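One structure below.
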Amino acid sequence: MENLLFARSQMAISLIFHIIFAAIGIGMPALMVITEALWLRTRDPEYLSLTKAWSKGTAVFFAVGAVSGTVLSFELGLLFPEFMRQAGPLIGPAFALEGFAFFAEGIFLGIYLYAWNRISPKLHLAAGVIVALSGFSSAIFVLISNAWMNAPQGFVFANGEFTQIQPLVALQSPFVLHLTVHMLAAAYIATALSVAAIHAFALLKGTPRRSFHQKAFTTAFLFALPFVLIQPLVGHFAGQQVAKRQPLKLAALERHYQTSKRAPLHIGGISDDEKKTIRGALLIPGGLSFLAHTDFNAEVTGLDAFPREDWPHPMVRYAFQLMVLFGMILVGIAAWGILLWLRKRPLTTQRRFLQVNFLTGPLGFLALEAGWIVTEVGRQPWVIYGFLRTKDAVTPMPGLFIPLIVISLVYLVLGGTVIAILRRYVRNSFQAEETHL
Amino acid sequence: MILAEAVALTVLVVLVLYTLTGGADFGGGIWDLLATGPRRVEQRRLIEQAIAPVWEANHVWLIVAIVLIFTAFPLAFSVASTALHIPLIILLIGIVMRGTAFTFRQYDLNRESRGKWSRLFAGSSVLVPLFLGICLGSLSTETIRVANTASISGFFSPWIGWFQLSVGFFTLSLFAYIAAVYLTVEAKESAIRADFVRRSYLSAISLVFTGFVTALLARSQAPHLFERLTQSWGPWFQVSGALCLFTCAWSLLRERFRFARVFAAGVAISILAGWGYAQYPYSIIPDIPLNLGTAPEATLRLLLILLAGGSAFLFPALFWLFKIFKKY
């Protein structure tokens, strides 16, 4: 039992680490392509140096993302061999497609980073567009596999084995749509708002390269804006899908204990699985019924419909509440930005606005991580939802705390190093004259 | 069965491509570690320039191989992941350190820490081929035994053995050899080129020596492998490997470096093709033949279609990448 916990923790740490780099690998190329296109259109050299500054950061993040992704592809088998034995023929094709997308991203990023003087500007921009598109499609293919784990289909389950496998049906899980849209938007938001926060910091601190950082902030903020605004709607749609296909997960992330009609929505508060209550929460009567089924009087299945040992950990509720809270804060900032724009005030001259953007910079990533905790911890106790339990898929390897500690230390050092290297870049970009490599 | 064999052949081709590209990048790291003499700084710079634009793309071949294996041969993947848990974890940490240290060395503005990244990059470039060889060797030594779809051989005995270690050093020599020959083409000055010609000879000797030791050990520790390599078509792979090795050496002597590069690739292809031939019809000797625990035909067919479609896009892209950065 302890081994299961170690295996799950190692997988969780690997995913929590990798997803940051994966999201940046999706978001940064899109931003770079925009500023490079602006450079080609306006011939303003600041857009060129912005593109180059961003591309250096991207190079570092992409390398870490590539190797930590490799770790994950092996860890699926190292930690959960029985899962891979059963699921390989069903989700493998999606990973094969992801392999090609990742290949394209690696190839064209190599060209993008190192061929500035070797190919024409238009071809260079085209290479960047391919990098952005392959990051986008990589995400879709990985999420197709994840969607299948949450809402599996395309097989007949007999005697504990997956038979009569239809791999094309497996690729079309009903969860694909909301997972891909929700995650892609999250990746764009998290990346762009973190970038905006760094440049907001430069502007607040005072820098001789003011207009450079202004362009950077405005581009990143405006890029994130539409995604911030649609994300709550996508999230709502995602919640309804979960209500339909994974009622246990919905009940767990709301800690909705008793099956009931006109179920209230609890905001905040502390859940207690023993007493089956939530203390100190703000109550909206019928709110949960409405959100889950678009009807204030609809019946919402509660945790009582499921055996106690199958309930996902209470952390999923807190993760869910935090994700929603962070998302709402970002919507508020987006609305503030739009208001400033309507009043024709340049965003980058508003000190208070920059301060708030600096402080809330990490919220996109925190919301993204919280969202994945909801999805994946909420998927427990199943690894293939409804068919294979995580405890039946784990490796028999004893002493799993050793690789857990080793991997955690490696990622801790790696994370610290990336931050240190990035800090030197940021400091360097404050100065009038940049030091080049 | 024919579909499973087609995917197995594809895995072999992917491993060949990984050796010829990613393997050479690791070989570059080995030569970074072994850089000596008055031109060691220039040697390291040449290696860095050769690897930087392409290593991430080259690395993807390994991921493609893994994905093909777990999709088409899920039982073999699951068994190998269990029995080889420890060496695979070491391999992964090596892969993480190599990639990140190499990137940090290039992009860290703090020049003082570059020495640290350099050593880490070079050290892990030795670790990865060694453990890759150990893992592959373990598939042939009949030390991974299976009962009821799971490995029953524990977590050390499958991979700790002289044969596996020997395959590890053989892999190391092969990667170093390919890299040295490639670098004779990449070098712009004749002194550096001469350095790598010398290194090509040295690693060729090491390759022959470790190959010989591996073959000797195979006789007792990997009998199926040994038998297949010495009977019927088996010896031809050895003949072709030896011919390529000699032609490569001769080309280096005559300063036909591009020619030498082709034959160095020929050495690698002969070795891997010979290994694939000798391993047949097993994925893991002796309990898992290719047709046991294999994905259903529908998956294999879809996989091959996706591979064909993906390749139509991939190979032109790879061609462009190498055309921009590499000499023909």
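Each reported figure results from applying straightforward, stated rules to the coordinates on display, with no laboratory input. Computed from a predicted model, the values in this text were never measured in an experiment. Positions of Cβ are backbone-derived with ideal geometry, glycine not excepted, and every protein chain shown enters the neighbour counts.
If only the Cβ of Lys and Arg carry +1 and only the Cβ of Asp and Glu carry -1, the dipole of the range B:2-319 around its Cα centre is close to 860 debye.
The trypsin sites (Lys or Arg not before Pro) of the range B:153-203 meeting both criteria, a DSSP state outside H, G, I, E and B (loop) and at most 13 other C-beta atoms within 10 angstrom of the site's C-beta, are B:188. The relative contact order of chain B comes to 23 percent, based on Cα pairs under 8 Å that sit 6 or more residues apart. Here the range A:193-325 is treated as an ellipsoid with the same Cα gyration tensor; its semi-axes, largest first and in whole Å, are 40, 16, 12. Helical runs (DSSP H, four residues minimum) scored at -39500 (n - 2.57) apiece and divided by the length of chain A put the mean residue ellipticity at 222 nm at -25000 deg cm²/dmol.
Normalised size of chain A, defined as Cα radius of gyration per 2.2 N^0.38 Å with N residues, equals 1.03. Using a cutoff of 8 angstrom between alpha carbon atoms and counting only pairs six or more residues apart, the relative contact order for chain A works out to 19 percent. To the nearest 10 degrees, how steeply does helix B:257-279 sit against the main Cα axis of chain B, on a 0 to 90 scale? Approximately 20 degrees, to the nearest ten. Residue-wise HN-Hα couplings along the range B:147-163, as the Karplus relation 6.51 cos²θ - 1.76 cosθ + 1.60 with θ = phi - 60° gives them from phi, are 9, 6, 6, 9, 6, 10, 9, x, 10, 10, 4, x, 10, 8, x, 5, 4 Hz; Gly and Pro carry x. For the protein assembly as shown, the pair-distance distribution built from all alpha carbon pairs, in bins 10 Å wide starting at 0, is 3, 13, 23, 25, 19, 11, 5, 1, 0 percent.
For a straight C-alpha distance cut-off of 16 angstrom, the lysines reachable from residue A:261 (same-chain residues fewer than eight places away being disregarded) are A:244. With no solvent and one equal point scatterer placed on each C-alpha of the range A:271-412, evaluate the Debye formula and give log10 I(q)/I(0) for q = 0.13, 0.18, 0.19, 0.21 Å⁻¹, two decimals. Reported log10 I(q)/I(0), two decimals: -0.89, -1.22, -1.27, -1.38. By the combined test of axial Cα extent (at least 18 Å) and Kyte-Doolittle hydropathy (mean at least -0.5), the qualifying DSSP H helices of chain A come to A:2-42, A:45-79, A:81-114, A:121-150, A:176-205, A:210-245, A:315-342, A:363-377, A:401-430. Residues whose amide H falls under 5 Å from that of residue A:265, counting only those 5 or more places apart or on a different chain, are A:284, A:286, A:287, A:288, with hydrogens built in the peptide plane. State which entries of A:122/B:327; A:122/A:344; A:249/A:391; A:52/B:323 exceed 27 angstrom in Cα-Cα distance in the structure shown. Result: A:122/A:344 exceed 27 Å.
Free of any trypsin sites (Lys or Arg not before Pro) that DSSP assigns to a loop and that have at most 10 other C-beta atoms within 10 Å, the longest stretch within chain A is A:44-274.
Max-minus-min Cα coordinates of the range B:2-319 on each principal axis give 58, 43, 41 Å, with the largest extent listed first.
Partner aspartates and glutamates whose Cα lies under 18 Å from the Cα of residue B:188, excluding those fewer than 8 positions away in the same chain, are identified as B:32, B:42, B:48, B:255.
Peptide B:83-94 has a mean shielding of 5, counted as Cβ atoms of other protein chains within 10 Å of each residue's Cβ. Using Cβ point charges alone (K and R +1, D and E -1), the dipole size of the range A:315-396 about the Cα centre works out to roughly 480 debye. Sequence-ordered 3J(HN,Hα) estimates for the range A:304-311 from the Karplus curve with 6.51, -1.76 and 1.60 and θ = phi - 60° stand at 4, 7, 10, x, 3, 5, 8, 5 Hz, glycine and proline given as x. Hydrodynamic estimate: the Kirkwood radius of the range B:23-100 over Cα pairs, inserted into Stokes-Einstein at 20 °C and 1.002 mPa s, corresponds to D of 147 µm²/s.
Each helix, a run of at least 4 DSSP H residues, gives -39500 (n - 2.57); summed and divided by the residues of chain B, these come to -26500 deg cm²/dmol at 222 nm.
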